[in-house]
Amino acid sequence: MTQYGTLRMWAAVLTIMGTLGVLLAAAGTIVWAVEVDGFWETIGVLLIGGPVSIFLATLPIGVAQALRALADVGDTVRAR
């Protein structure tokens, strides 16, 4: 039995939030690219703004992986 269930629960919550954030950031990038005026502005949105927003949306997934790894380390150390 693990004593790190809270960390694993928060990791699951953050993974779900991160996944939804990435999907919404991608949808927002498409809407933003349609709304700007001009070819170069659209290229700027697709090549700079979109990847940055999607990258920032993945941060909760990274924190979730860190929490899950911390729980794994705690279980391993406790077992010894």
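The values are calculated or read from the model by the stated rules, or taken from the named source; none is laboratory data. Just so it is clear, the structure is predicted and the values come from calculations on it, not from any experiment. In this analysis, Cβ positions are derived from the backbone assuming ideal geometry, glycine residues included, and neighbour counts consider all displayed protein chains. To get the accessible areas, we keep the full protein, side chains included, count just its heavy atoms, and leave off ligands, DNA and RNA. Shrake-Rupley method; radii C 1.70, N 1.55, O 1.52, S 1.80 Å.
Here is how the numbers come out for the structure above:
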item	result
In region 19-45, residue least open to solvent (accessible area, probe 1.4 Å) [restricted to those that are over 21 Å from the mean Cα position of the chain (by Cα) and of a type in the set (A, V, I, L, M)]	A33
Options G50, G62, G74: the member that is assigned to a helix (DSSP H, G or I) and over 30 Å from M9 (Cβ atoms)	G50
Test: I43 is within 19 Å of G21 (Cα to Cα) and assigned to a helix (DSSP H, G or I)	no
Matching entry among I48, I16 (being surrounded by fewer than 14 Cβ atoms within 10 Å (Cβ to Cβ), within 30 Å of V77 (Cβ to Cβ) and among the hydrophobic types (A, V, I, L, M, F, W, C))	I16
Total residues in region 1-13, condition open to solvent by 100 Å² or more (accessible area, probe 1.4 Å) and without any contact (Cβ under 8 Å) to a residue 12 or more places away in the chain	1
